[in-house]
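Input: a single structure, listed below in structure tokens.
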Amino acid sequence: MISRLANPARFMRLSAALLPWCAWATLAVTALGLYLALFAAPADYQQGEAVRIMYVHVPAAWMALNVYLFVAVASAVALVWRHPLAEIAARSAASIGAAFTFVCLTTGSLWGRPMWGAWWVWDARLTSVLVLFFLYLGYIGLVNGFDDPARGGRAGSVLALVGVVNLPIIKFSVDWWNTLHQPASVLRLGKPTIALSMLTPLLVMALGFTLLFATLLLLRMRAELNERKALALRLNTRPATAPPPTRAEAAAPAHPGGAAIRQAR
């Protein structure tokens, strides 16, 4: 299956068929999730209406981690098996993951202001997510910072694999250190501790964000493949340059009749 998808032409056909379904599913699920989060879910008895930021903040945080893991796996495949689409998938996913991380940090700051009384604190969870954001930016900078795209891809892949060590730090930071963040209430051993009326819109929004990632990934990969195809066509259709002059022509005297003499030859 993986080897079949390695064919760019086959991927373009498959993605063209999947893209409309992913886009419409993203719109439907996200709209449902926003309705449940804003109107159906109850306010928290301590946080009040501010808790509704959770329905964007938490799914964005999950996607920030999962997309980085996707980038790392795709980078490993590109390094080891030279999969022709793996590096394109990693490049395309990195900027999407950076956007999710930025949304996570921004909504966390907005949520933390009324709850903690500060826009930012150097909490272990916050700091490790900020490091994740810098890892995304570093990867994007590396893959685009070399004249040789292959060298940039290898450098970015190595950084992506090294940065995986930050993912468990983010996940278990609330358990390893004394932080302002509460322990896990959804992804934990045993059943979730969050009320079902809040868990349902949270999971629907998480599904909507996942579909959004799939849609944007397909769009960016198709755009990258089309760009590379256009570049290859430009290189193949570039007009041939004039051949260099022969040694005799180069040694001919430079006078007004020189061109005519050379033409007569």
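Any read-out appearing in this document is the output of simple, stated calculations on the displayed coordinates, not a laboratory observation. Computed from a predicted structure; not experimentally measured. Here Cβ is always computed from backbone atoms with ideal geometry, including for glycine, and neighbour counts include all displayed protein chains.
Taking N as the number of residues in the stretch 69-153, what is its alpha-carbon radius of gyration divided by 2.2 N^0.38 Å?
1.34
Quick one: His57, His83, fewest Cβ neighbours within 10 Å first, how do they rank?
Result, fewest neighbours first: His83, His57.
If amide hydrogens are placed 1.01 Å from N in the peptide plane, which non-local residues have theirs closer than 5 Å to the one on Asp44?
Val51
Could you derive backbone 3J(HN,Hα) for the stretch 171-178 from the dihedral phi with the Karplus parameters 6.51, -1.76 and 1.60 (θ = phi - 60°), listing whole Hz in sequence and x where the residue is Gly or Pro?
5, 9, 4, 6, 8, 7, 10, 7
Could you work out how much longer the chain between Val162 and Trp176 gets when fully extended? Use 0.36 nm per residue separation minus the Cα distance between them, nm to one decimal.
2.9 nm
So how much slack lies between Tyr35 and Leu130, counting 0.36 nm per residue of separation and subtracting their Cα-Cα distance, in nm?
The span from Tyr35 to Leu130 would gain 31.2 nm if fully extended.
Using a Förster radius of 22 Å, what is the FRET efficiency between Ile194 and Trp116 based on their Cβ-Cβ separation? Nearest 0.05, please.
That gives a FRET efficiency of 0.65.
Would you kindly compute the Cα radius of gyration of the stretch 2-251 and its largest Cα-Cα separation (Dmax), both in Å?
22.9, 94
Once the other residues with Cβ under 14 Å from the Cβ of Ala89 are scored (Lys, Arg +1; Asp, Glu -1), what is the net sum?
In short, +3.
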